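Scroll down for the structure; my scribbles are underneath it.
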Amino acid sequence: MSAPNVSVVRHGFATAKPLKTSNFKVIPNEPLPELQDGQVLTRTLYLSMEPFLRFSFDEAPDAKSEGPIVGPGIGEIVKSKHPDYQVGEVVKGMTFPWSAYAVQTDPKGLRKIPARGKIPLSKFISALGLASCTAWSSIKHRGNFKAGEIIYVSSAAGGVGQVVVQLAKRAGLKVIASAGTDAKVDYLSKQLKADYVFNYKKHDQRAELDKALAQLGSPSGFDIYYDTVQGETLDIALEKVKPHGRIIAVGMMSTLGKKADFYTYKNFGLVVRKHLDILGYTLFSHLEDATEFLQTMIPLVESGQISVSENIVEGIENAPKALIDMLDGQYNGKVIVHVADL
């Protein structure tokens, strides 16, 4: 190691509270354990800001008030005691602590980044990363898309939502999308070509969905709701989805950092009366999809047919604010922290 191991750790809990910068602590040079047989040392290049990182700050039995923050990242192997990994190889995985260097105790969870041609390395966090794989894999296992169907995508300007919009359009669906700023609305409409887009913070969701459905010639409702938020947005979607419609449930952004009972559903009985299918999904149950995902998506990303807007934040010491702002919806697209150059 030629540079100090700057690390960011959790400093106290924030159960059912908004995250603050005081919930993080920067350690200028955190000691590393001695590398053991079967392990590798990685130098962190990029860290991915993900909604599930919020759970690291919820108090749990036996959890210490100060602890590591671990999530998706990209790194270069700088020392190896594992026969399958060589110094200089670049890998991605789910076990990157927020630190300049990391001992990967179980490298089998790392995936070597293939020859990437002209694709920037950051794309393996954004358009070829966890959120994009979630979108692709959830559609593969839960979508059953049919050309001509109408899908409503909430939080459509996020890392998952942007890819869902594009894959739905490629499959011949009509897309209704919502987002929380006018800039995001413009991006979804002009760049991603969603058929009807509205700002849910400025306009009544029910009224906007009615307008969208009338414009798309389907006043009886949409066929699919792709849900990453839950809460009131899901409740409204239950009203507007067609009988025998599908709800693909992949996230719960509106509940993060909130009390479990913060929202009481009023329309859940419509699931029974409309014979709706609610299809839950997590990528962690389909990690075997990673190879097929990359084989399918790399040509689409390289040719520009699929893209995800990137927000690259410089410096690991700025990761706390990047995560806080991402959870607050202040970014359009994927939020990535650039830690070091390759």
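Read-outs: derived from the displayed coordinates by stated rules, not from any lab. Computed from a predicted model, the values in this text were never measured in an experiment. Note that each Cβ is placed from the backbone with ideal geometry, even for glycine, and that neighbours are counted across all protein chains shown.
Worth a mention:
- Dipole magnitude of segment 144-257 about its Cα centre (Cβ charges: Lys, Arg +1; Asp, Glu -1), debye to nearest 20: 360 debye
- Placing +1 on each Lys and Arg Cβ and -1 on each Asp and Glu Cβ, with no other charges, gives segment 110-163 a dipole about its Cα centre of roughly 320 debye.
- Taking 7 Å steps out from each Cα toward its Cβ at Leu32 and Val70 produces label points 1.6 nm apart.
- Dipole of the chain [Lys/Arg +1, Asp/Glu -1 at C-beta], most positive-end residue of Gly129, Gly231, Val26: Gly231
- Calculated FRET efficiency, Phe52 to Lys112, Cβ-Cβ distance, R0 = 30 Å: about 0.80 to the nearest 0.05.
- Simple Cβ-charge dipole of the chain, Lys/Arg +1 and Asp/Glu -1, about Cα centre, in debye nearest 20: 740 debye
- Within-10-Å neighbourhood charge of Leu216 [Cβ basis; K, R +1; D, E -1]: +1
- Cβ-derived FRET efficiency at R0 25 Å, Leu342 paired with Thr105, nearest 0.05: 0.60
- For Kirkwood radius over Cα pairs in Å, computed directly from the structure shown, the correct entry in (1) 21.1; (2) 26.1; (3) 24.4 is (1).
- A simple count of charges around Ile247, restricted to other residues whose Cβ falls under 14 Å of its Cβ and scoring Lys, Arg +1 and Asp, Glu -1, yields -1.
- Placing R0 at 30 angstrom, the Cβ-Cβ distance between Asn318 and Glu239 gives a FRET efficiency of 0.15 after rounding to 0.05.
- Residues of segment 13-33 with amide N under 12 Å of a point placed 7 Å along Cα→Cβ from Lys81: 33
- Residue-wise HN-Hα coupling along segment 51-57, computed from phi with Karplus coefficients 6.51, -1.76, 1.60 (Hz; x: Gly, Pro): x, 5, 4, 4, 5, 4, 9
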